[in-house]
Amino acid sequence: MVGKRLIMMGPPGGGKGTQAKRIQERYNVLQLSTGDMLRAAIAAGSPVGKQAKAVMDAGKLVSDDLLIEMIDKRLDDKDCANGFVLDGFPRTIPQAEGLENLMANKGLKLDAAIEVRVPDEKLLERLTGRYTCAKCGEGYHDKFKLPKAAGVCDVCGGKEFSRRSDDKADTVKTRLKAYHAQTAPLLPFYERKGVLKVVDGDRDIGLVAADLERILGL
Ligand code: AP5
Ligand code: MG
Ligand code: ZN
């Protein structure tokens, strides 16, 4: 394996969460999704959640300082010691620079930044069809990833599911714009550092996962 400190990049609906979760389950490195962390803060009604809610519902990006501080603190937790996959962070050049500084301060080295590449026209269908088990968080899709028994979660047997409030078609368009304007410039940033790995994410979930394992030498 090239290492255990990874960044998972890619557009909204590209499959970052799906693939990062697989890596976590198979290789004992922690998936850290900033989107999940922010949604948990909203659900808990914390000050961070209050600050983030309207911005997320609009499909825009939450402030760099807030995100950098959140990751800086989180990486000190014991469960990050064996490695981590950052899912959805960094998303702007200032966040990437912030990550570089905070990792240097902790004596950590970034091993790879993965781009899950998917054409724009595929993303709307992926996002509007996405749903999640309300009990355990397992992700599903109306067309691409159905539970084995209809209406029952494969993992926990739960029967309630939820959809994200930012997966409405209009909001998805704003998220996509934010990705191209603010996040895509990070791809050349990591390429220059020699750590960028690109995976074709426009294929079956299992094929993407297998290719990723090959690319990372897992
Ligand atoms: P976040 O939660 O990170 O959302 P996102 O980047 O828009 O990405 P998604 O989680 O929607 O997609 P994904 O790539 O994880 O795809 P998934 O695997 O689920 O962020 C949400 C918001 O929080 C942001 O808009 C922003 O406001 C804020 N935020 C978060 N981080 C921030 C930061 N660093 N700075 C500032 N603001 C921040 O897959 C999607 C669906 O497709 C699923 O149903 C899945 O089953 C299916 N699927 C997956 N792979 C495939 C495949 N290969 N083929 C077919 N279907 C597939
Ligand atoms: Mg995600
Ligand atoms: Zn479940």
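The values are calculated or read from the model by the stated rules, or taken from the named source; none is laboratory data. All figures in this text were calculated on a predicted structure; none of them were measured in a lab. Positions of Cβ are generated from backbone atoms using ideal geometry, with glycine treated the same way; all protein chains shown enter the neighbour counts. With ligands, DNA and RNA removed, areas are computed over all heavy atoms of the protein, side chains included. Shrake-Rupley method; radii C 1.70, N 1.55, O 1.52, S 1.80 Å.
Sorted from longest to shortest, the spans of the Cα atoms of the stretch 174-218 along the three principal axes equal 30, 27, 11 Å.
Is the shape of the stretch 109-218 best called rounded, prolate or oblate, per the rule: a/c under 1.5 gives rounded, else a/b larger than b/c gives prolate, else oblate, with a ≥ b ≥ c the square roots of the Cα gyration tensor eigenvalues? Oblate, since a/c reaches 1.5 and b/c is not below a/b. The lysines whose alpha-carbon is closer than 18 Å to the alpha-carbon of LYS109, local same-chain residues fewer than 8 away aside, are LYS4, LYS73, LYS78, LYS193, LYS197.
Accessible-area rank, largest first, for ASP202, ASP167: ASP202, ASP167, with all protein chains present and a 1.4 angstrom probe.
Accessible area of SER165 (1.4 Å probe, protein heavy atoms only, ligands and nucleic acids ignored): about 60 Å². Of all aspartates and glutamates in the structure, those lying under 20 Å Cα to Cα from LYS135, and not within fewer than 8 positions of it along the same chain, are GLU25, ASP36, ASP154, GLU160, ASP166, ASP167.
No disulfide-compatible partner, judged by a Cβ distance under 4.7 Å, exists for the following cysteines of the chain: CYS80. Here the Gaussian network model covers the chain, with springs between Cα atoms less than 10 Å apart; of GLY13, GLY98, GLY194, GLY194 fluctuates the most. Shown in residue order for the stretch 149-165 are the 3J(HN,Hα) couplings computed by the Karplus curve 6.51 cos²θ - 1.76 cosθ + 1.60 at θ = phi - 60°: 9, 4, x, 10, 5, 4, 7, 10, x, x, 10, 10, 10, 9, 10, 6, 5 Hz (x for Gly and Pro).
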